[in-house]
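What follows is calculated from the coordinates using simple rules that are stated; it is not laboratory data. Since the structure is predicted, the reported quantities are computational estimates derived from the model, not experimental observations. Methodologically, a virtual Cβ is constructed for each residue, glycine included, from the backbone with ideal geometry; neighbour enumeration extends over all protein chains shown.
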Amino acid sequence: MKKIQLSQTGVEVSCLCLGTLRFGTRNNYDQSAQLMDMYVEAGGCFIDTANCYDQWCSQGKGGESEVTIGRWLRERGLREQLFIATKVGFGYRDVPDGLAASTIISECENSLRRLGTDYIDLLYAHKDDLNTPLEETLSAFNKLVKDGKIRFFGASNYLAWRLADADGIASQKGWASFTCVEQRCTYLRPNPGADLSPQQIIDQNLMTYCDARGKTMLPYTPLLRGAYVRSDRPIPSPYRGPDTDVRLGVLHEVAQELGATANQVVLAWMMHRQPPLLPVFSARNPEQMKENLGALDIALSAEQMERLNQAGHCLNDEPV
Ligand SMILES: NC(=O)c1ccc[n+]([C@@H]2O[C@H](COP(=O)([O-])OP(=O)(O)OC[C@H]3O[C@@H](n4cnc5c(N)ncnc54)[C@H](OP(=O)(O)O)[C@@H]3O)[C@@H](O)[C@H]2O)c1
């Protein structure tokens with residue numbers, strides 16, 4: 001699997017990141033370990049989790065995904081070869097919602113314990129917290145960097161202007177800032193004004209800002225949970241707009257030209273962007289994993305990229 005530099009860190013990570021939201025809950029340990037093994041066998045080294053995964057699943061209370069990864073890391077002895085990202089910011093069990101310094105510091109300890117490691121490569125603020133001063137949040141992340149508990153920190157579900165504020169504070173104080181941004185994004189574009197909160201999408205503002213500042217953008221839910229290829233999973237309503245059919249048409253056309261699936265083309269389209277997007281994908285079973293990893297073998301021509309980018313372009317644009 002190709003590696004790319006994460007933002008301007010000088011550190012190289014796999015061009016596809018494996019999401020583990022459902023590992024340890026809907027996928028039991030053996031199933032999860034098999035999926036992580038497949039990803040690593042394909043050359044992957046970048047794993048994404050969160051302290052609260054998966055409190056949104058009926059079997060989960062939060063912490064299960066990290067515990068599953070921790071056990072697998074121990075059994076395989078792989079810690080040093082992998083780049084592990086986790087997150088803090090959503091309330092779960094008795095942990096409060098938000099990014100108070102005390103929450104960040106104590107949750108980092110809990111994540112370290114569950115993952116069975118003495119450092120985290122990347123700790124995200126899982127969502128913005130407008131009630132805690134940004135300076136307090138950044139100061140806590142910086143303390144963790146200084147103490148060697150985390151290597152980098154990132155932002156997830158942030159608006160561009162808040163990242164700009166954070167970068168301003170960091171540069172004034174001589175601190176590190178949010179290295180990269182994990183945000184919702186897929187090939188289909190949500191309708192203007194669609195509210196997916198607390199999830200935030202990669203929009204034009206964020207793209208312009210992150211490109212200018214050299215921050216890697218990591219799209220989550222890139223496959224719309226299988227909606228591109230599954231009749232049992234309709235395209236979610238925020239993505240049903242005037243350009244949906246045109247974009248789906250071009251996506252499937254390009255997939256057919258390449259003998260690929262729509263899922264593979266979506267991931268390849270992200271990885272072919274310049275600078276590349278780094279998709280955070282997942283899979284429920286080995287068949288899905290194999291298909292999704294097949295995106296690594298897809299070469300999109302400049303003409304196909306242009307067609308995918310331009311499809312329905314004038315139909316869903318916000319009025320100026
Ligand atoms: N930062 C955040 O706020 C945030 C939010 C959401 C997710 N994430 C991260 O991003 C990761 C990926 O998110 P996601 O799971 O929503 O992304 P996704 O890759 O769009 O969806 C994965 C799901 O899609 C279905 N699927 C995957 N491959 C398929 C295939 N080849 N054919 C048919 N169906 C397929 C499966 O659904 P079924 O399991 O139903 O079969 C699978 O569980 C998460 O694990 C998590 O680490 C972060």
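Quick notes
- For the stretch 203-222, the candidate set comprises residues that are away from the ligand (no atom under 16 Å from the Cβ) and in a helix (DSSP H, G or I); within that set, the residue that is surrounded by the fewest Cβ atoms within 10 Å (Cβ to Cβ) is Ala212.
- In the stretch 180-190 there is no residue that is touching a residue at least 40 places away in the same chain (Cβ under 8 Å), surrounded by fewer than 18 Cβ atoms within 10 Å (Cβ to Cβ) and over 30 Å from Leu115 (Cα atoms).
- The set of residues in the stretch 231-245 being under 23 Å from the mean Cα position of the chain (by Cα) and more than 17 Å from Ala311 (Cα to Cα) consists of Arg233, Pro234, Ile235, Pro236, Ser237, Pro238.
- Meets criteria (touching a Gly at 6+ places or on another chain (Cβ under 9 Å) and away from the ligand (no atom under 16 Å from the Cβ)) for Gln8: yes
- Pairing residues of the stretch 281-301 that are in a helix (DSSP H, G or I) with residues that are β-branched (Val, Ile, Thr), at Cβ distances under 7 Å and at least 6 apart in sequence or on separate chains, gives Glu291/Thr261.
- Pairs, first free of Cβ contacts under 8 Å to residues at least 12 places away in the same chain in the stretch 231-243, second within 13 Å of the ligand (Cβ to nearest atom) and outside any loop (DSSP other than H, G, I, E, B), C-beta under 6 Å, six or more apart: Arg233/Gly226
- Restricting the stretch 126-181 to residues that are within 15 Å of the ligand (Cβ to nearest atom) and small (Gly, Ala, Ser) leaves a set whose member that is nearest to the chain's Cα centre (by Cα) is Ser156.
- Within the stretch 182-202, the residues that satisfy the criterion of being of a type in the set (S, T, N, Q) and in a loop (DSSP other than H, G, I, E, B) are Thr186, Asn191, Ser197, Gln199, Gln200.
- Filtered residues of the stretch 246-275 (kept if away from the ligand (no atom under 11 Å from the Cβ) and either among the aromatic types (Phe, Trp, Tyr) or farther than 14 Å from Asn309 by Cα (or both)): Ala255, Gln256, Glu257, Leu258, Gly259, Ala260, Trp269, Pro275
- The stretch 182-202, residues that are closer than 19 Å to Asp243 by Cβ and within 12 Å of the ligand (Cβ to nearest atom): Arg184, Cys185, Thr186, Tyr187, Leu188, Leu196, Ile201, Ile202
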